1. Condition check: more than 22 Å from PRO373 (Cα to Cα) and charged (D, E, K, R). Does GLU242 satisfy that?
2. When ILE108 is evaluated against the numbered criteria (1) in a helix (DSSP H, G or I); (2) crowded, with 24+ Cβ neighbours inside 10 Å, which criterion, by number, is the only one it fails?
3. Within segment 125-139, work out how many residues are more than 26 Å from GLY293 (Cβ to Cβ) and either out of contact with any strand residue (DSSP E or B) (no Cβ under 6 Å at 6 or more places or on another chain) or of a type in the set (Phe, Trp, Tyr) (or both).
4. Just give me the residues in segment 275-295 being within 17 Å of the chain's Cα centre (by Cα) and buried (at least 22 other Cβ atoms within 10 Å of the Cβ), in sequence order.
5. What about ASP243, is it part of a loop (DSSP other than H, G, I, E, B) and either at pLDDT below 95 or surrounded by fewer than 24 Cβ atoms within 10 Å (Cβ to Cβ) (or both)?
6. So if I check each of LEU101, LEU134, LEU91, LEU127, which one is assigned to a helix (DSSP H, G or I), surrounded by 24 or more Cβ atoms within 10 Å (Cβ to Cβ) and in the same structural domain as SER57 (by TED's automatic domain parsing)?
7. Quick one: in segment 35-86, which of the residues that are part of a helix (DSSP H, G or I) and acidic (Asp, Glu) is farthest from CYS330 (Cα to Cα)?
8. Against the condition assigned to a helix (DSSP H, G or I), under 19 Å from the mean Cα position of the chain (by Cα) and crowded, with 24+ Cβ neighbours inside 10 Å, how does GLY32 come out, does it pass?
Amino acid sequence: MDKSSATELARAAGLNLWNFRGRPLLPVVQGGMGVGISAGRLAGTVASFDGVGTISSVDLRRLHPDLMEATCELEGPAAKAQIDAANKEALHREIRRARELAGGRGLIAVNVMRALDQYETYVRQALESGADALVVGAGLPLDLPELAKDFPKATLVPILSDARGVQLLVRKWEKKGRLPDAIVIEHPRLAGGHLGAAKVADLKDPRFDFEVVLPEVREFFRKSGYEKDIPLIAAGGISCREDIQRLQGLGAAAVQLGTAFAVSCESDASLAFKQVLAGARPEDLVEFTSVAGLPARAVRTPWLDKYLRLQERMQKAAHQKPHCTMWFDCLTKCGLRDGHADWGQFCIDKVLGYALAGDVRKGLFFRGAGRLPFGTQIRPVQDLLNHLVGHLVPPTVAVPAAELQEA
């Protein structure tokens with residue numbers, strides 16, 4: 001698939017292009033995945049095929065040896081300012097890298113979790129560094145219009161999971177004179193990482209089913225006069241062209257995938273990380289409560305298995321700590337640091353950092369619940385998009401080990 005022919009292939013396959021802010025795009029969005037899984041390399045590659053590539057903003061210094069070397073051993077109250085500054089610089093570098101790879105095609109988005117301590121800082125940095133779009137989840141971003149007021153051309157995209165949340169956010173934003181430019185509807189039963197439900201027991205609530213929430217939101221838009229103003233992006237469980245067609249039939253303009261891109265050659269993670277996700281079976285996936293107080297889904301690796309066995313004991317012993325384990329307070333509220341007894345009791349930045357580096361025994365490996373288009377294979381982004389929009393199945397080929405290590 002030539003980069004210039006990606007949209008033509010989608011049209012020929014019967015998919016509707018996503019005419020977003022005057023630009024015809026593939027109806028495929030690559031989701032933001034941290035720590036460091038979706039950075040400039042992956043986002044820029046996806047955008048170069050007229051898709052939307054998303055950089056996850058959290059702790060990107062881990063991808064830059066100079067920044068990591070300068071901050072990894074810092075301790076004490078003064079460490080936070082230096083680590084935060086390093087992460088701002090890393091975000092700027094990754095946006096610049098993505099833009100270079102995109103070559104003026106597609107869109108470059110930055111995902112910022114509302115639950116992050118540096119949420120406002122990352123929002124401003126992403127806009128100042130030239131990101132096309134801001135995607136915000138892990139909490140209601142009711143303040144995003146104010147934070148982006150100096151960047152009226154910026155695309156603002158909240159992540160929500162049910163019609164009730166959509167109505168609340170749209171009504172609040174209306175009063176600020178702004179509407180979302182698009183909304184990601186993420187299915188908690190199917191997505192990976194942090195999930196948009198109050199607790200693990202709610203993940204299978206039928207109100208989150210696409211067959212329920214997409215028509216409900218479209219009807220709300222119709223009654224409010226926004227039917228043509230706010231496109232919906234369905235996220236979770238998508239693996240083929242038929243999934244995209246079904247969701248477009250329900251009212252989605254585009255779909256978002258995470259894990260399928262995380263295991264691509266161009267993913268910014270290590271080869272070992274990709275192999276863990278690609279090799280996981282349905283019975284290997286587990287839901288639990290993160291330190292951010294949100295349900296989460298990941299692969300049951302040795303660290304997670306041990307943690308889950310000790311979780312009840314650790315929660316009973318939860319207490320407020322004098323400082324963050326990593327000294328930079330990645331989250332506004334943290335179960336481990338703040339002693340929330342019913343939240344997770346581990347340092348999420350540390351275990352996600354281990355995962356990024358490919359430490360299978362110590363890492364936390366977030367993963368979606370859906371099947372992967374190429375099973376256990378690690379394939380280029382081009383093959384994935386080729387399959388998703390054109391229903392073309394590339395021949396099974398062995399990707400050279402050197403290329404996988406470079407990715």
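The values are calculated or read from the model by the stated rules, or taken from the named source; none is laboratory data. In this text the structure is predicted, and so the values were computed from the model without any measurement. Cβ: placed from backbone, ideal geometry, glycine included. Neighbour counts: every protein chain shown.
1. Numbers: more than 22 Å from PRO373 (Cα to Cα): no; charged (D, E, K, R): yes.
Answer is no for this residue.
2. (1)
3. Going residue by residue through segment 125-139, those that are more than 26 Å from GLY293 (Cβ to Cβ) are 127-133.
Then drop every residue that is not either out of contact with any strand residue (DSSP E or B) (no Cβ under 6 Å at 6 or more places or on another chain) or of a type in the set (Phe, Trp, Tyr) (or both), which leaves 127-130.
Qualifying residue count for the region: 4.
4. Scanning segment 275-295 gives LEU277, SER290, ALA292, LEU294.
5. Values: part of a loop (DSSP other than H, G, I, E, B): no; either at pLDDT below 95 or surrounded by fewer than 24 Cβ atoms within 10 Å (Cβ to Cβ) (or both): yes.
So ASP243 does not fit the description; no.
6. Working: LEU101 fails: surrounded by 24 or more Cβ atoms within 10 Å (Cβ to Cβ); LEU134 fails: assigned to a helix (DSSP H, G or I); LEU127 fails: surrounded by 24 or more Cβ atoms within 10 Å (Cβ to Cβ).
Residue meeting the stated conditions: LEU91.
7. To start, the set of residues in segment 35-86 that are part of a helix (DSSP H, G or I) comprises 40-48, 60-63, 65-71, 79-86.
With the extra rule that they be acidic (Asp, Glu), the set shrinks to 66, 69, 84.
Numbers: ASP66: 20, GLU69: 18, ASP84: 9 Å.
Step by step, filter segment 35-86, then rank; the result is ASP66.
8. Criteria not met by GLY32.
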